[in-house]
1. From the list 65, 84, 73, exactly one residue is part of a loop (DSSP other than H, G, I, E, B), more than 19 Å from residue 21 (Cα to Cα) and under 19 Å from the mean Cα position of the chain (by Cα). Which is it?
2. Taking residue 156 as meeting all but one of (1) out of contact with any Ser or Thr (no Cβ under 8 Å at 6 or more places or on another chain); (2) in a helix (DSSP H, G or I), write down the number of the exception.
3. What residue, of 190, 182, is at positive phi and over 18 Å from the mean Cα position of the chain (by Cα)?
4. Can you tell me which residues in the range 154-208 are of a type in the set (Asp, Glu) and closer than 19 Å to residue 38 by Cβ?
5. Restricting the search to the range 102-126, which residues are surrounded by fewer than 19 Cβ atoms within 10 Å (Cβ to Cβ), without any contact (Cβ under 8 Å) to a residue 40 or more places away in the chain and hydrophobic (A, V, I, L, M, F, W, C)?
6. Among 8, 33, which is touching a helix residue (DSSP H, G or I) at 6+ places or on another chain (Cβ under 8 Å), of a type outside the set (Lys, Arg) and closer than 23 Å to residue 182 by Cα?
7. Quick test of your reading of the structure: residue 27 fulfils all but one of (1) outside any helix (DSSP H, G or I); (2) among the aromatic types (Phe, Trp, Tyr); (3) in contact (Cβ under 8 Å) with a residue 40 or more places away in the chain. Name the failing condition by number.
8. Taking the range 175-191, which residues are in contact (Cβ under 8 Å) with a residue 60 or more places away in the chain, surrounded by 16 or more Cβ atoms within 10 Å (Cβ to Cβ) and in a helix (DSSP H, G or I)?
Amino acid sequence: MSGGYLLIVIISTVLGILAQGYIQRTYSQWAQIPVSTGETGEQVSRRMLNQLGASSVGIATVAGRLTDHYDPRDNNLHLSQENRMGGSVASVAVACHEAGHAVQNAIGYKPMQIRAALVPVTNLASQSWMLAFYAGFMFNMLGIVRLAVILFGVTLVFQLVTLPVEFDASARALSFIRGGSGLDETAFEGARKVLFAAALTYVAGALMSSLQFLWMLGQTRDRR
């Protein structure tokens, strides 16, 4: 068991490092290039919200770098200071991506609703699957091991559902940047690269979890 799991850990670590390194490099590159209109991430994302039917969404500041997110509970975009007040291509790309999530919420985008419904059970599953898995092995209780696999499967489903939600938010952002923002082609190309790099982090995370889930299934079969 330890040898196979060690391989999963190594693969996951490498994938995670590569994905994070790529997004950091890409973001830093386009953070140096201002948008042609001289606007900030907040200003461009506000125009996107207003044009796409989400004008009631607020914009707040969140601490950190690349900590930006949309929270449907308070209906606010939470943008880092760099992306809210900055006027770079990277800032606009990230801010408009989060605005894309707000638009999803406003129109009742189904995958986002499914993802939101999965949050409570996913939080529970993510906190308990590992304890159940190793307790099942320790006490030689196949039923507990199977329960752990199911719990981990829930977290994997959540990650898989997250993929179309993230891809769609980026597609909405890019569509606005190209067609309704008044920004030039450089902004569109830069935003496309930044959001593609960001998407890779979600793909890498889902791939890592899929590998771990397959390994766990193999362990369960071996216990029969």
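1. The match here is 73.
2. Unmet condition: (1).
3. Checking each option against the conditions leaves just 182.
4. 184, 185, 189
5. 117, 119, 121, 124 - these are the residues of the range 102-126 that are surrounded by fewer than 19 Cβ atoms within 10 Å (Cβ to Cβ), without any contact (Cβ under 8 Å) to a residue 40 or more places away in the chain and hydrophobic (A, V, I, L, M, F, W, C).
6. 33
7. Result: residue 27 passes all but (1).
8. Selection gives 176, 177, 187, 190, 191.
We did not get these values from a lab; they are worked out from the coordinates using the rules stated. Everything numeric in this text was worked out from a predicted model, so none of it was measured. Neighbour counts run over all protein chains shown; Cβ positions are idealised from the backbone, glycine included.
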